[in-house]
1. How tilted is helix 86-97 with respect to the longest principal axis of the chain? Cα atoms for both, answer in degrees (0 to 90, nearest 10).
2. Take the Cα pairs of the stretch 77-229, get the Kirkwood Rh, then feed it into Stokes-Einstein at 25 °C and 0.890 mPa s and tell me D in µm²/s.
3. For a quick check, take a GNM of the chain with Cα springs below 10 Å and name the residue from 228, 191, 66 with the largest mean-square fluctuation.
4. For the stretch 1-155, which semi-axes, largest first and in whole Å, follow from the square roots of 5 times the eigenvalues of its Cα gyration tensor?
5. Express in nm, to one decimal, how much length is gained between residue 184 and residue 59 on full extension, taking 0.36 nm for each residue of separation and deducting their alpha carbon distance.
6. Quote the FRET efficiency, to the nearest 0.05, computed for residue 264 versus residue 230 with a Förster distance R0 of 25 Å and r equal to the Cβ-Cβ distance.
7. Which of 60, 275, 34 moves most in a GNM of the chain, Cα contacts under 10 Å?
8. As an exercise, use a Förster radius of 41 Å and the Cβ-Cβ distance of residue 213 and residue 289 to find the FRET efficiency, rounded to the nearest 0.05.
Ligand code: APR
């Protein structure tokens, strides 16, 4: 099916933007690509020949917590090395100018907050690389909401020091890390500390989901901006359609890869780097960054 008329017209988008009040964004790893962080499903979704997605499970952590921690130590280190890009800054500036804008992000890299996105207008769907919790949750409720120690502990220094930006270098195998060398929960003393991220097979925070549903249901959502996500992981992938009121809501996709399948009248698709496109798209509201 042909895409809708004017689907990639910036003036037509600006016209809709200026008539929109309640706006939702759903962000994914592509937003942070220009900062230098790899996406999951594109090139670079491997870390030392391990599939990044297969390491992000409670089972992987149960089998080899040292290996999973090395991967997360590496990701923490990488995220601390890079800077938020113009895409994060544009979303943060937009949030400050529009109190009816809510940004949902699957990214755990902390770059939204480092770009000073107002926290009340941000929901971190998949948690944060820089929070910690007990591996025995929900039995043990210990959490540390923010910890950016790099490395987190001496045994993880090898991964934290690894500056290979391609994540592909398997030629330097890291020594296995015994569980005894990993940080344990200071509260129950039996569980391990683990990253405060949502792994595959784990539920998202229920109160956060209720709050997002309530926000969507409160009134018509005029626009949903879907940025840099492959939209395959639920519930994130479902929010754009959940928020759609036929004939009123424009779903606006910003992605490096063009995909016009399933577009409806009034939807937009902008192909390219989110870090370049978002400042241009939001310019009528945020001005020059
Ligand atoms: N600008 C815009 N889009 C980009 C850019 C860029 N510079 N670079 C890549 N993209 C797009 C890709 O075309 C792809 O559609 O970003 C998307 C990244 O998709 P994924 O790697 O699947 O990342 P994401 O959608 O965030 O993954 C969802 O899966 O692994 C889990 O929990 C993890 O939160 C993550 C979730």
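1. The answer is roughly 60 degrees.
2. In µm²/s, the coefficient rounds to 138.
3. Looking only at 228, 191, 66, the biggest GNM fluctuation is shown by 191.
4. For the stretch 1-155, the ellipsoid semi-axes come out as 33, 19, 15 Å.
5. 43.2 nm
6. It comes out at approximately 0.80.
7. Ranking 60, 275, 34 by mean-square fluctuation puts 60 first.
8. E between residue 213 and residue 289, to the nearest 0.05, is 0.80.
Read-outs: derived from the displayed coordinates by stated rules, not from any lab. These numbers come from a predicted model, not from an experiment. Positions of Cβ are backbone-derived with ideal geometry, glycine not excepted, and every protein chain shown enters the neighbour counts.
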